[in-house]
Each structure stands twice: as C-alpha cells, then as structure tokens.
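*Asks:* Take a look at this one; I'll ask things after.
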Amino acid sequence: MTFTREKDFGTPAKHGETVSLTIDGQPVSVPAGTSIMRAAAMVDTAIPKLCATDSLESFGSCRLCLVEIEGRKGYPASCTTPVAPEMVVRTETDKLRKLRRGVMELYISDHPLDCLTCSANGDCELQDQAGAVGLRDVRFGYEGANHLEGCKDESNPYFTFDPAKCIVCSRCVRACDDVQGTLALTVDGRGFASKIAASQGEDFLSSECVSCGACVQACPTSALIENTVIDKGTPDKSVVTTCAYCGVGCTFRAEMRGEDLVRMVPWKEGKANHGHSCVKGRFAWGYAQHRDRILNPMVRTSVDEPWREVSWEEAITHVASEFRRIQSSYGTRAIGGITSSRCTNEETFLVQKLIRQGFGNNNVDTCARVCHSPTGYGLKTTFGTSAGTQDFDSVEQADVILVIGANPTDGHPVFASRMKRRLREGARLIVVDPRRIDLVRSPHIEAAYHLPLQPGTNVALLTAMAHVIVTEGLVDEAYVRERCDGEAYAEWAAFVSEPARSPEAIEELTGVPAADLRAAARLYATGGNGAIYYGLGVTEHSQGSSTVMAIANLAMATGNVGKPGTGVNPLRGQNNVQGSCDMGSFPHELPGYRHVSDNATRALFEADWGVTLDAQPGLRINNMLDAATDGTFKGIFIQGEDILQSDPNTKHVAAGLAAMECVVVQDLFLNETANYAHVFLPGSTFLEKDGTFTNAERRIQMVRKVMEPKNGYADWEVVQLVANAMGLRWTYTHPSQIMDEIARLTPTFAGVSFDVLEERGSVQWPMNAAAPEGTPTMHLDQFVRGKGLFVVTDYVPTDERTGPRFPLLLTTGRILSQYNVGAQTRRTENGAWHAEDRLEIHPHDAENRGIRDGDWVALRSRAGETTLRALITDRVAPGVVYTTFHHPDTQANVITTDFSDWATNCPEYKVTAVQVMPSNGPSDWQTRYREQSDRSRRIATVEPAE
Amino acid sequence: MTRVFISRDMASVALGADTVAEAFAKAGCEVVRTGSRGLFAIEPLVEVETDAGRIAYGPIGPGDVKAVLDGTHANRIGPIGEHPFFSGQQRFTFARCGVIDPLSMRGYAANGGWKGLDAAHALSPQEVVDAVKASGLRGRGGAGFPTGIKWQTVLDTPAHEKFIVCNADEGDSGTFADRMLMEGDPFHLIEGMAIAGHAVGARHGFIYIRSEYPFAVETMHEAIARAASRIEPFTLEVRVGAGAYVCGEETSLLDSIEGKRGEVRAKPPLPAIEGLWGKPTVINNVLSLSAVPFILAEGPQAYADVGFGRSRGTMPIQIAGNVKNGGLYEVGFGLTLGELVNQIGGGTASGRPVRAVQVGGPLGAYFPPSMFHLPFDYEAFAEAGGLIGHAGITVFDDTVDMAKMARFAMEFCAVESCGKCTPCRIGSTRGTELIDRIVAKAPRKADTVETLPQMRNAGTAARTHDEEIELLRDLCDTMKHGSLCALGGFTPYPVLSALDHFPEDFGSAHVHAAAAE
Amino acid sequence: MSDHAMMSTDERLAYMAEHILRNFATRGEDEAIEATAEHIGLYWDPSMKARATAMADEPGVPLSEAARAVFRRLGEEQPLT
C-alpha cells in the first residue's frame, strides 16, 4: 500500500479527432477540444493552476495557468484555451513566471501563513503552487484588507469550512452545481468581498447542503476539509475499494494512516461513480470502529439468558452440532439460512453452498426477497434475465427519463446526480410516485409530468400508458416485429386496447388525471431515447412482479431496450443485492439464475461439490417463519441481515424466530434479530476483507482489505469454519479461489477472475467467450430469452383496503442520510440529519385529527401499532402517510402486513391501511419490546480470576 | 395652432424641459416631444415649426414662451443644422434623434425608417452579413471587433434557436449615446436588431438596459409593443440590469439575462457559438446594431466611404466633463483629439487650461494636451496606450490631481469587480492601498508579520518610493495580462497613463520609461 | 380476513394459490389453473406442495373450486423433472 495522489489533468477529457501541437518543444497529440492544460498534463508538463481540476469544466478564474502561444497576442489561460492544429505553446518563459508570481503574490497577501500547522499541510494546492512559482516575498505586506477574521463553520459533523483559507476559486460551488446538482453553495458578494456561502448565508448544516463531500474533495486548500484529517493528519497510504452502502457501487480510495482510516475519497476512475460520492459512502464509515461492535463469539441456551462470550472454536462447534441435532430430530429440511446482500459475492456464494452442500436442502433466501425479487421474476419472464439492462453511463444518452417508485436523490444519490445533470442538459422527466419526491422540482429541474398515483395502482397506471401507446399508434412496430414474440404481443395489444384500460377509465382508481397520463405516455413513446428507472415503489406491492412486467412491456412496445440511453433499470437497494441474487441466494435457483430442477445445472454442481443436490425449491423467508411457527423449521443461519427490523409484520417475524431452537446471527452489532438468537458470530466490515460486490448495473468491482478484521475472521472464513465443522472439506485460502469456482460453475461469469478485475477495474456480467469485454448494455441484438415476451398484466387490487377503521394508506421509504435498518448509519454522525423516523402527513389529514407538526402520534394498522412524531407536509397527498424504517425505536414494520407479491412473496411494504391519532408516548408493544430487547442484549461479565 | 418640438430626453428633462413643454402647451401650442439633439448647453431646446422650417431656441425657460413664439428671444439659434455644433456632423445613426416623436410609427416611417429592414428582407441572410462585412462596421461597445465576422459565426453555427442580444448596459462615465438613441429613436434600434435576426436566423432578441435608465426602459417597452407587427416573425424583450458595471461585459451580461449572478465567462466558447443558454448569440452594442439600418438602406459603400484607416463609418462621440459644449457628436473617424476637445467641445467650461482628457470611459487612458494630435481611430489610440471604448471623452482642467484619478480607477475596479478572477478581485484592492501609500508619500515599513523571526525571506527594510512605484507597475502588468475580462484588464490604462504622463502627481520627479508592455 | 397474522398455514396456502390464480385470471379459468399449478411447482417447497395436495381432497377445507383444481393438479403431476 502506497499513497499516490490521483493525477489531475486540470480539465475533463474530450473525445474528438486527434490534433497535434507542440508544447515546450514536445510534440503532443490529443483529441480536439482538449485544453492546452490537459494536453500538457498528458506529457507530464504541470502548468500551474488552482481553479482547474479535471472533474469540473474549466473556469478560468485563478489566472495562474497563462501560457504563450506563437502567433497569438497576450497570455491566454491554458485551461480555457483548446488546442489547435500546429499550435506552438510555451508554458515557461520569464514573462509567464513574472505574471504567475504576481498572481500568487496577490493570493498570499490575503492568506494565513500557518502552513506547518495547517490541516492541509502537504496536501494543499496553494502551497504547492506557491512553491512552483517561486514566491519568496509579498511586496504588498500582510496588513492590507483581508479575510483572515472569518469564523470557521463547524456545523457539519464531517467537515469544516474555514473562510480564511478560502481562495474563492469556486471549485466547491461548481462541484455542488455540476457534479452533485444540489446548488447549495454560492459566491456571496462581489469583488474583494466575494465569499463562499451555503444557501442564503446559513451554516452548512442548516443549508440545502447534502454533505456529499464533492466540495471538500474539490477544495484546493484547507478551506473545506474533512474533520478526520484535522484530527488525524494526512493519510500515507491508500487502497481502492467499493462502498458497502447502496446499489450504485461507488468506488473509493480508502486513505489510511497506519491501521487508521483517515478518509474515504471517491475514486475518479470508478466507472459507477466517476469520482462522486454521497454522505454515506464518503463520511459514514465510523460504524466500523464503533464501540457497539461485537468482537467475540457468544452463545446462550435460551434468549432469556445473558450472552456468554466463547472462543471461536466453541461457537462454531456448537453451531454445527446444533444444526446436525435439529436435522436428525426434525429432518433435513428443518434448517436453512439467509445470505446477506451486504456481504461479498464470495461470501454469499459460500453461504448458499453451505446450505445446498452442507444442509442438503434449498432453504436459502436473501433480503432481495423483500426488495427486488419481483425484478428477478418479471425481467426473467419478459427479457430472459434477472437484471437491469443498462450501465449507469447510459443515462447520459437518455432523452426521456421515467422514474417510477424510486426516490433516487435519497436512495441512490450518486446516480441521481448524474441523472440530474442529464435533466439539466435538457432530457425530459416523468415521475410516477405518490409523493412529490425531490426530483419533481429541484434547482434547474422540473418534471414534465408528475403522476401522483394512489399507492397500489401501479399496474393500472402502466397498463393505461400502454393503452395510449397502442391505441394512438405509437408502438415501434418494426422493433416489435423483429425482436418480440408476435403472438404474445398481439394478445397483449388487444388486452391493453380495451376501453377498460384507458386513462379515463382508471382515473378515479389511480387519482391521476387522464390527460396527464396520456401526455406522459406520448412523451415516453415519442421523446427519443426512453429510459425507465424504478425502485421498491414498483416491487414492494402485491402486484410487484406484474408491475415489473408492465414496465418491460412498455419498453418493448416503444423499442426502448437494447441500446444506450434506454432500458429498464431497477435501482438496487443494498450494495450487493444484485450479486447475492446472482450467487444463487434464492431457494429455487442455483447461481446464475438456473432453476434447481434443471438436471444439467445440478449435475454440474454435484460433480464439483461431490454431493447430490435437492431438486425441489426450498423455503422463502416468510415460508421459513411460517414453518417455524408450525414447528417444522427449527434452525437458521442469518448472515448480515436484520429480518426482525427489515421484514414486514414484526410480530410474525418475532413469533417465527422465537419458535426456533437454534438461531445463529452473524453481524457487526447485536441487531434486533439477535434478540432472538442463540449464537452470535461477530461479522467483519467491508474494510476488513477481500472480495467483490456487484452493483445495480451488473458491475463486478473489487472490495479490498484495508485493515485486519477486528473480530479475527472475514465472514467467508467464518462460513468455511462452520462448513468444515459440519463435515465439508473446504480449503479456500483466498476469496479469489471462490470467484474461480463461481466462474467455473456459472456461464455468465465464465470470464471473471480477480486477475481480470485487477487489470480492468471492473466488468459487467455476462462476461464470457461470447462477451469477452463484459456487457454494458444487454439484449443488444436479441433478448436473452430470444424473443421479448409481452405479458398481459391485469390490475388485481390488493386485499389491503382502507375503511372506517384504517382510512389512510401508509407507504414507506428511506432517506438520504440513513441506510436500511440504520445499523451502520445510526452509529455515525448521520443522525445530525435524521435522528428519528417521522410520519409525513398531509396538512388536511393532520388538521382533521388535531395533529400539529412534531406531535407524537400513534400509527395503527391491522398488524400492530407504534408511535412516532409527525411531520406535516404536502409532499404526500391527502389520504397518504409516509415514514422511513431506519430506527428500531419506531419499528415501522410492526405496522406493515404480510400481504405480498403474488409471484415472489415480496412484501407489500408500500401499501398498509392505517389510522393515525394523537398520542402521548410509546405503544405498549414498543415498551414491551424495548424491555425484552434490553434484557436480551445482556452480556455476562466474566469474574476476573483471583 | 403652432407646433413646437421639445425634447423628452432624460438629460433635457433634468434641465427643465418638462416645465417648458407645459408652458407651451398652456399657451395653446401643439407640443411634440422628441429625443434630444445632443447638445446640452442649449437644452431645454425648443424648435418652432414655421414656413421656413423649424427654428430653434435654447436654452429656454418656462417664462420664455412669448418671446419664443414671437421670434424675439435672445437665444434664437435658427435652423438647428446651421449651428456650428451640428453643421460638421455626419448623422448616420442619430439622423432622426431630436427630429421625430420617438414613439410615432408614422414619423419613423416618414423619415426613412424601416428602409434598412425592408432591404434586408429582400436579401438572403448571407447577403445581409456580406453587406455588414463590406461596410467595415466594428463593434461600438469598445472592442472594435468586426461586426460582420461575428454575425457570420452565428449564421454558420447550426442550432434550433439563436438569439440577438443588445448590450445597452451603458456604464462608462461620460457616455450617453445608447440612452439618447433608445429614448430618442427606439425604432431605429429595433430595426437594427430585426435585421440582425434575419441575417443570422435568430427569432428572438433581448435588450439589456441598465436600471439607471428608466426612461429608456419605458420607451423601449412601448416601442417594442408598437413595432411588434412590423418586425414579425422577430420578437424582442427588454431585460433590466441591477446596477453592476461588470454586467456590461458581454458574457456576464448573458449570465445576468439567464438569471444568474453576473460573472464573466471564460472564452472560448465564444458567445457567437455558445451564448445565451448555450445557443449561438449575436451580442452587440446599441450603436453597432443601430449602424446597421443605414448600411442596408444606403448600401455598405456609403458607410465605408466615411472614416479613417481601418475605422470605417461614423462614431457618435460623447463629450463630457469639464467642457463647454458637452454633448453627442456623430462624425466619421479621424478627427484629432484636439479638434474634438477644443474646437467642438469649446475647451473647458471653467475656462482654465485642459490638463488631461480621458477617452473610453473610466478604464480609458488619460491623455495630456501634448497628445492632442492623435486621430480618433481604434489603431492610433491602441498604439498610444489607450482605447476608444464607447467613445466617451471626459475633459479635466489643470486642477485635477492625477494620482487621485489613478486611485479612482483602482477603486472603481474594486467596487465593480465581479470577483471571479484573482488579478481583478485582489489586485484592485491592493492597488488602491498602494496608491494611497504612494500619494501619502508613506512607503511601507516592514509590517508585524514580515519582521517575525519565522519569516526568513520577507524583506525587512522599508520599501522605497521607487519600489512602491515599481510594485504598482508590476501590479498593473499582472492585471492587464492576467485578468479575465476588460474590467481588470483595462484598469491599468488610466493608472499607467496617469503615472506616465503626470509622474509629478505621484511624487516622482522625472518621467519614467514607457509603461510595462 | 381481519387479522392475517393469525392465518393458519392451510389458510395461507389457500390464500396464496387464490392470489396467483387472480393474477392469471385473464387467461381463462383452465389456463389459469394450469399456470398456477406450474408456478407453484416452480416456487413452493416440497412440504408446502405436499400439504396443498393433501388439502385438495379434505372436504372441510374452505377452498375455491379453482384452487382445489390447482392443488389436485399438483398431486397429479411431477412438474419438476
């Protein structure tokens, strides 16, 4: 591990015909449009600069980068001057040196001189450039007007703004505008009084700043700097790795000093994030060192007992003997396991292998069950493979973007920034969502149409869009004829054309004005490249799978699959949810989405693993819990998943777990599920292991160990210990061997190996002999299944209905600063933005109930009751309430029911009939749960030996 | 009923034209309010329609009605064209200003209006651009860039949408030509813009007017409404600035129209290729656009026949400051500076000797009488270390302190700087501080920081006067060559010219060598 | 169904089958039954399928005719080979 700063070429790369010129006598050939500065950097000529950086378009304000060009008057700035054929440039002359020194003299006449005690010492571009131009004396002196009295803004928990160190280069403002797209920063005042301000002169925390860190990264001095660097000093080594938060899969340089992580800096070469980040990946990694982490294995006989710390050996032996005992008493199928979408592909692969090879059944499931299982079903049925069709770069060629049931600025912020940039460039936007998400209207962005539908009516709405497209003759007939199954299309077209599917017919049901729906459908069908992005607002419904198929139908009918700028793009929730599905985490599928009943596939694995595999599908999570209450399912291994908090109908989950005889939880923290566990195995963080994650664009990226596991073992090692204790003979010494096995057994991964990933940075599957470079866009010439399949999607209303007792519809979601059940983010400073779950309620509904903003309210459904504080807002429509599920104190899933998707049993999180009433405090259930939770988390203290 | 003509120009109104007009109306006259003729020493000017043509009187007060109407008033001028201030002018652009009711469509058409537009419409866009090129017209905003070439670039850049932007953010001290034209002959500007729209394929135009010109804003609004059907399919709207000098710089003006903080953009891209909202944009000064109707109506050669060297056509020169005949004087390029100041301007108003003339606004160079032989021409002025700019001439007598004027230039730059580029943002403030020390004859002693033992390279000796002057010259050099736009880049002109021509005011005994290149 | 948390396993299996049937309903009853049986064959675990098959012939179980037909079919076929 060594520390090298990423090279900064000053201005972004351009693509054009090659232009040849001469810089300081050296011949250079670069694409047309390239700046002189970048051309010079490409031949290692570092023209002094301060306001230029290659993540931002050139700005030309610092005036350090002046050069001389033969035949041209004056001293043009090399950052803003493009190359021209036969140009002859000189970057160092006496005159240029004098001018640059003159500029630097001005800078330093208004800058603190505490370089050695400055937190950016050694990592400061101003310092470097002052050195480069050879400034030795500031002839103006140091007592002129200056900005040295400016107060530091320390409101943000992760970084500090020191205006005295600011050189007003606007890199932070430009990063906020162009890269992040929040436009929270501005230059306040004019001339000498110009200064950087957050929003309307507020502090950073109260401003619109979303703490993505782009400004900090862009700052050439210590005006904006990470607090960890202030505390620890500058890093001395770095490792490139992949973020363990959402499915965007940003790559970061983990910058270290000794064993200490100093900061995470988004990696410019990262193909998913191109050097951008959000508050979670950039800053919220402190949980890895949090004192709550459990570092020793623990065992207990009953969940009423305190935990007893044991050796790894004892814990592993105990797990193996308990599982074997249960199987001998209750049968082979009485145990199962849950893989983690937060763990690596290799770890996930091993957990399902442990279950299939070691447990001898297919009782494996994963959190995708509760998020994107309908994507798997729907896209496999229509296109032939269970994955998004595009890479993220594709959005840059989209002309119409349809966002349905997703809130990218909160859930997938780094991708949202790229989408927003495209929208600012002129792409049109359609948002289908019950809430007025931020994307609907934000600086320089306004959705052409926001269709605020009633929760649960996605299928009706999408089918009505299809009605418009078919009946108004907007189908791309040539595409459909060539690429799709004609018979299925004809049947589908006839179905959607029926008057009952028209926008007018369903207007009352969806609450969406028919005229808007028609206009939106026309725009999607005729506005150029149409790209659909969707999230859990599509899948987490009783018709989640139908909705995914309805989306696929729309895309096929308009010819919007199989080329850049189009496609059907599920925005995946967790970092490796795509990977965990790829790795065979579903009870009916072996790795690579091959059904367990497929004899040839099974034979392949059987030959490799030396066992006979079960040809019958196993239990889904909810089926496991049902079977547990029925007394036929007795033991479970849960890696890195907190089903008690994340899965619906908490009482049902609790009852299932309580009925089991051996619940093994492997996690970083004593999570809520661990309250019902008998064995706790400490987990390792993504910083502590090697492996790969696969993001929402099917991109496989390296996770690299930057520090030793604090708990002693990486998770894959723990699974191997359990496997071997159960009599399997695994001999993996490095995760690369696991990937080799995956590649050997999975045709879509055939070309993948750690060596390939090291060489290329990342690849998108399928990667094999047919696609040696990987696959950025799927279904290019034909669909994976051959002909695209239109599927009739009839609207079947959910059985969850509002009525006098439960007159409102609850829909749930997440927020930028918190992640999933909050186990990680709650153990960081991100609470500064979101310390509790709040219930969003429309002013009318609040007024009817006598609820004021901030009041405690009781939220009640048929499943249960909880209390939380109200947030009155018209982002939600009347009749709809909304909350997040990040905090165990709230337990939003006490409210959600176990209604689920008809095809995949993905829970219907997004539609629960509820009542909201004023309240004084926690519900009885919350109180009881809290007491039980506290009791369950006791760890026995070992008396010190005398 | 007698018809009289009285200006409603802001300057005339400031001198009392409204009360004079009221008095004539009360006396039963039909009062036609016009633009100003442009000589303020004779305002309020009243022209009485007679069988022998319009007879001018001025200045006139409200009590003078009777004497004017019976022709006995002592300030009788006679036909205005015979006044020496007007007899030598070549009014291509201001021909109708002061003659017609500015908002009379009929009056405009009857006096040669729309001839240029009609001629343009009979030509292809390329032919219009060729005519402008052949006329030799150069940007009247100050840069002197050939207008036809700019238009050609916009014409050649393919785009669904293009714009014409008129820069009417006339911010230079001592200039008023844009305002006079917009108030006195607004259709003329509209016609010029419509021709530009036809020439480059733009359908919409903006006129960016500084907020200090409420009369011009109002007049343009009304004129645009009245001329709308005449210039179809071209449309126009007015945008009002917010008092920032730097918004007169074309790229920050574009930012301002887009609703952003007015900040200079780096070029390239040129506005002609990526201008307003990233679309190809013609951005021209009022006077450039207003030169175009003549060129189309009379042919490019008629325009090019007038002028000097590479400076073709006429220039509406604005003479102001301490001068007897302040006003607007439109004439072909090539008169000498001395002729303009002494013959046409009539010398100082104070009667004291002229000491310095600043040409080109607050960022123009100061010239001593020893340089009065300079012909009014872009190249001649550039060679002499100055610029023509928007053709404003400000005259100072021998009481002026040129060091103070140099300081004023730095201060002006500090006040008006947008703050984007470093030389202008910090340099102007340092320049002000530095000139203060020079003027106070208090060269800097080593300061607290410099004398700290930690500072090993800082100078510890007091700076000498010569060192401070040298630093000022170095600073001017940095600003001139390093600034992003003309605000910082031109500030050295007044400073260095003051220093070069009037070193005694800076406490230097002898004349320095020429300014740093 | 006032409180589905209290659903028995039999009730739940019946409910799930009905739910799948409803989503195939546009195909007509016969095809819907076939498609549902096929779906269950692919996705349900053997014990669930076994219980469903058993339920088909238990007279006391409240089951729609279509669902009963689905469960009968499950017993007849070996869809997974």
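*Asks:* Using a Förster distance of 25 angstrom, determine the FRET efficiency expected from the C-beta separation of B:Trp277 and A:Leu205, and round it to 0.05.
*Replies:* Details: r = 34 Å, r/R0 = 1.36.
Calculated value: 0.15.
*Asks:* Using θ = phi - 60° and the Karplus form 6.51 cos²θ - 1.76 cosθ + 1.60, what ³J(HN,Hα) does each residue of the stretch B:172-179 get, whole Hz, x for Gly and Pro?
*Replies:* Ordered by residue, 3J(HN,Hα) equals 5, 4, x, 10, 7, 5, 4, 4 Hz.
*Asks:* OK, next. D for the stretch B:93-242, whole µm²/s, Stokes-Einstein with Kirkwood Rh over alpha-carbon pairs at 25 °C and 0.890 mPa s: what number?
*Replies:* Details: Rh = 15.7 Å.
Translational D for this selection: 156 µm²/s.
*Asks:* Ignoring ligands, DNA and RNA, what percent of the accessible area of the stretch B:105-304 is carbon or sulfur (1.4 Å)?
*Replies:* Details: 3670 of 6780 Å².
Percent of accessible area from carbon and sulfur atoms in the stretch B:105-304: 54.
*Asks:* Follow-up question, since we're still on this one. Among the DSSP beta bridges whose two residues both lie in the protein assembly as shown, what percent are antiparallel, rounded to the nearest 5? Numbers along the way, then the final one.
*Replies:* Details: 93 of 164 bridges.
Just about 55 percent of them are antiparallel.
*Asks:* When we measure straight from the Cα of B:Lys445, which lysines land under 18 angstrom away, once same-chain ones fewer than 8 places off are left out?
*Replies:* Within the straight-line cut-off, B:Lys445 pairs with nothing.
*Asks:* Would you mind checking which residues have amide H under 5 Å from B:Leu39's amide H? H placed 1.01 Å from N; only 5 or more apart, or other chain.
*Replies:* B:Leu328
*Asks:* Take the alpha-carbon centre of the stretch A:612-655, take the same for the stretch A:778-837, and report the distance between them in whole Å.
*Replies:* 21 Å
*Asks:* Restricting to Cα pairs below 8 Å that are 6+ residues apart, what does the relative contact order work out to for chain B? Please round to a whole percent.
*Replies:* Numbers: 1119 pairs, mean separation 66.5, N = 517.
Relative contact order of chain B: 13 percent.
*Asks:* Quick one: divide the alpha-carbon radius of gyration of chain B by 2.2 N^0.38 Å and tell me what you get.
*Replies:* Working: Rg = 24.4 Å, N = 517, 2.2 N^0.38 = 23.6 Å.
Taking N as the residue count of chain B, the ratio is 1.03.
*Asks:* Given the DSSP H assignment, sum -39500 (n - 2.57) over each helix run of at least 4 residues in chain C and divide by its residue total; what's the result at 222 nm in deg cm²/dmol, nearest 500? Walk me through the intermediate numbers first.
*Replies:* Details: 4 runs with 53 residues, N = 81.
After summing the helix terms and dividing by the residues of chain C, the value is -21000 deg cm²/dmol.
*Asks:* Continuing with the same structure: For the full complex of protein chains and a 1.4 angstrom probe, list A:Trp765, A:Trp925 by accessible area with the highest value first. Numbers along the way, then the final one.
*Replies:* Values: A:Trp765 5, A:Trp925 40 Å².
Of A:Trp765, A:Trp925, the descending order of accessible area is A:Trp925, A:Trp765.
*Asks:* Can you give the calculated 222 nm mean residue ellipticity of chain A, where each DSSP H run of n ≥ 4 adds -39,500 (n - 2.57) and the sum is split over every residue, rounded to the nearest 500 deg cm²/dmol? Mind dumping the intermediate values first?
*Replies:* Details: 29 runs with 265 residues, N = 946.
Rounded to the nearest 500, the figure is -8000 deg cm²/dmol.
*Asks:* Moving on to the next point. Which value, in Å³ per residue, describes the convex hull spanned by the Cα atoms of the stretch A:808-935? List each step's numbers first, then the result.
*Replies:* Numbers: hull volume 15.4 nm³, N = 128.
Taking the convex hull of the Cα positions in the stretch A:808-935, it is 120 Å³ per residue.
*Asks:* Express in nm, to one decimal, how much length is gained between B:Leu123 and B:Thr399 on full extension, taking 0.36 nm for each residue of separation and deducting their alpha carbon distance. Write down the numbers at each step before the final one.
*Replies:* Numbers: separation 276, 0.36 × 276 = 99.36 nm, distance 5.56 nm.
Difference between extended and current length: 93.8 nm.
*Asks:* Can you give the accessible area of B:Glu467, probe radius 1.4 Å, in Å² rounded to 10?
*Replies:* Only protein atoms counted, so the area is about 90 Å².
*Asks:* Let me ask something additional. Counting Lys and Arg as +1 and Asp and Glu as -1, what is the net charge of the other residues whose Cβ lies under 11 Å from the Cβ of A:Arg422?
*Replies:* Values: positive: A:Arg418, A:Lys420, A:Arg421, A:Arg424, A:Arg428; negative: A:Asp393, A:Glu396, A:Asp399, A:Glu425.
It works out to a net charge of +1.
*Asks:* Then there's this: Which residues, if any, in the stretch A:84-112 lose at least 40 square angstrom of accessible heavy-atom surface (probe 1.4 Å) when the other protein chains sit next to their chain rather than the chain being alone?
*Replies:* SASA drop of 40 Å² or more in the stretch A:84-112: A:Lys95, A:Lys98, A:Leu99, A:Leu106.
*Asks:* Rolling a 1.4 Å sphere over the protein heavy atoms, what is the accessible area per residue of the protein assembly as shown, to the nearest Å²? Display every interim value, and only then the final one.
*Replies:* Working: 53400 Å² over 1544 residues.
Here the residues of the protein assembly as shown average 35 Å² of exposed surface.
*Asks:* How shielded is A:619-626 by partner chains, expressed as the average number of their Cβ atoms within 10 Å of its Cβ atoms?
*Replies:* Working: counts 5, 4, 0, 1, 9, 1, 0, 6.
The per-residue average across the peptide is 3.
*Asks:* If you rank A:Ser328, C:Ser8 by how much accessible surface each has, with a 1.4 Å probe, what is the order from largest down? Show your work: numbers first, answer last.
*Replies:* On the way: A:Ser328 100, C:Ser8 50 Å².
Of A:Ser328, C:Ser8, the descending order of accessible area is A:Ser328, C:Ser8.
*Asks:* Once every DSSP H run of n ≥ 4 in chain B is given -39500 (n - 2.57) and the sum is divided by its residues, what mean residue ellipticity at 222 nm do you get, rounded to the nearest 500 deg cm²/dmol?
*Replies:* Working: 21 runs with 192 residues, N = 517.
Estimated from H runs of four or more residues: -10500 deg cm²/dmol.
*Asks:* By per-residue mean of other Cβ atoms within 10 Å, what is the highest-first order of B:33-41, A:823-831, A:113-121?
*Replies:* Working: B:33-41: 24.4, A:823-831: 22.1, A:113-121: 15.0.
Result, highest mean first: B:33-41, A:823-831, A:113-121.
*Asks:* Per-residue accessible area for A:Thr867 at 1.4 Å probe radius, Å² rounded to 10?
*Replies:* About 10 Å², ignoring ligands and nucleic acids.
*Asks:* Greater than 31 Å separation of Cα atoms is the criterion. Which listed pairs, A:Lys353/A:Lys634; A:Lys98/B:Lys150; A:Lys7/A:Lys195; A:Lys49/B:Lys404, meet it?
*Replies:* Numbers: A:Lys353/A:Lys634 20 Å; A:Lys98/B:Lys150 34 Å; A:Lys7/A:Lys195 28 Å; A:Lys49/B:Lys404 35 Å.
Correct reply: A:Lys98/B:Lys150; A:Lys49/B:Lys404.
*Asks:* Ordered by packing density, taken as the mean number of other Cβ atoms within 10 Å over each peptide's residues, highest first, how do C:13-19, A:636-642, B:5-11 rank?
*Replies:* Values: C:13-19: 21.7, A:636-642: 26.7, B:5-11: 25.1.
Output ranking for C:13-19, A:636-642, B:5-11: A:636-642, B:5-11, C:13-19.
*Asks:* Of the heavy-atom accessible surface of the stretch A:634-705 (probe 1.4 angstrom), what whole percent is carbon and sulfur? It would help to have the intermediate numbers written out before the result.
*Replies:* Numbers: 410 of 820 Å².
Here carbon and sulfur together make up 51 percent of the probe-accessible area.
*Asks:* Taking both sides together, what accessible area is buried at the A/C interface, probe 1.4 Å, expressed in Å² and rounded to the nearest 100?
*Replies:* Details: alone 34000 and 5310 Å², together 36630 Å².
The A and C chains share an interface burying roughly 2700 Å².
*Asks:* Interface B/A, total buried accessible area with a 1.4 Å probe, nearest 100 Å²? Kindly include the intermediate steps, with their values, before the conclusion.
*Replies:* Working: alone 20290 and 34000 Å², together 50770 Å².
The summed interface area works out to 3500 Å².
*Asks:* Rounded, prolate or oblate: pick one for the protein assembly as shown, where a ≥ b ≥ c are the square roots of the eigenvalues of its C-alpha gyration tensor, a/c under 1.5 means rounded, and failing that, prolate if a/b is larger than b/c, else oblate.
*Replies:* Working: a/c = 2.66, a/b = 1.92, b/c = 1.39.
Note, shape of the protein assembly as shown comes out prolate.
*Asks:* Right, something else. For the stretch A:808-935, what's the relative contact order in percent, using C-alpha pairs closer than 8 Å and at least 6 residues apart? Before the final figure, lay out the partial values.
*Replies:* On the way: 257 pairs, mean separation 43.3, N = 128.
Averaging sequence separation for qualifying contacts and normalising by length gives 34 percent for the stretch A:808-935.
*Asks:* Okay, next question. What does the charge count near A:Thr332 come to, summing +1 for each Lys or Arg and -1 for each Asp or Glu among other residues with Cβ under 11 Å from its Cβ? Don't skip to the end; give the middle numbers.
*Replies:* Working: positive: A:Arg324, A:Arg333; negative: A:Asp614.
That works out to +1.
*Asks:* Treating cross-link reach as a plain straight distance, find the lysines whose alpha-carbon is under 20 Å from the alpha-carbon of A:Lys563, omitting any fewer than eight places away in the same chain.
*Replies:* A:Lys271, A:Lys380, A:Lys787
*Asks:* Further, regarding this structure: Can you work out the Karplus-derived ³J(HN,Hα) for every residue in the stretch A:460-473? Use 6.51 cos²θ - 1.76 cosθ + 1.60 with θ = phi - 60°, whole Hz, and x for glycine or proline.
*Replies:* Those phi angles translate into 4, 5, 5, 5, 5, 4, 4, 4, 4, 5, 6, 6, 9, x Hz.
*Asks:* Can I ask one more? A:Glu6 versus A:Ala132, label points 7 Å from Cα toward the beta carbon: distance in nm?
*Replies:* Once both label points are built, they end up 1.8 nm from each other.
*Asks:* If you don't mind, another one. Give me the aspartates and glutamates in straight-line cross-link reach of A:Lys165: C-alpha distance below 13 Å, same-chain residues under 8 apart excluded.
*Replies:* List returned: A:Asp110, A:Asp114, A:Glu125, A:Glu149, A:Asp153.
*Asks:* Taking a 1.4 Å probe, which of B:Glu43, A:Glu208 shows the most accessible area, and what order do the others take after it?
*Replies:* On the way: B:Glu43 10, A:Glu208 115 Å².
I get A:Glu208, B:Glu43, largest accessible area first.
*Asks:* Is the shape of the stretch A:863-946 rounded, prolate or oblate, going by the alpha carbon gyration tensor and its root eigenvalues a ≥ b ≥ c, with a/c under 1.5 for rounded and a/b larger than b/c for prolate?
*Replies:* Note, shape of the stretch A:863-946 comes out prolate.
*Asks:* With the cut-off at 1.5 for a/c, could you classify the stretch A:495-555 from its C-alpha gyration tensor as rounded, prolate or oblate? Walk me through the numbers before you get to the answer.
*Replies:* Numbers: a/c = 1.61, a/b = 1.09, b/c = 1.48.
Cα axes put the stretch A:495-555 in the oblate bin.
*Asks:* At 1.4 Å probe size, what's the solvent-accessible area of A:Lys7? Round to the nearest 10 Å².
*Replies:* 90 Å²
*Asks:* If you line up the long axis of helix A:312-330 against the longest principal axis of chain A, both from Cα atoms, how many degrees apart are they, to the nearest 10?
*Replies:* Between helix and principal axis, roughly 30 degrees.
*Asks:* Over chain A, what is the mean sequence separation of C-alpha contacts under 8 Å (at least six apart), divided by residue count, expressed as relative contact order in percent? Walk me through the numbers before you get to the answer.
*Replies:* Working: 2204 pairs, mean separation 123.7, N = 946.
Value for chain A: 13 percent.
The values are calculated or read from the model by the stated rules, or taken from the named source; none is laboratory data. The model shown is predicted, which means the values in this text are computed figures rather than measured ones. As a convention, Cβ positions derive from the backbone with ideal geometry for all residues, glycine included, and neighbour counts pool all protein chains shown. In case anyone asks, the SASA skips ligands and DNA or RNA and just uses the protein heavy atoms, side chains included. Shrake-Rupley method; radii C 1.70, N 1.55, O 1.52, S 1.80 Å.
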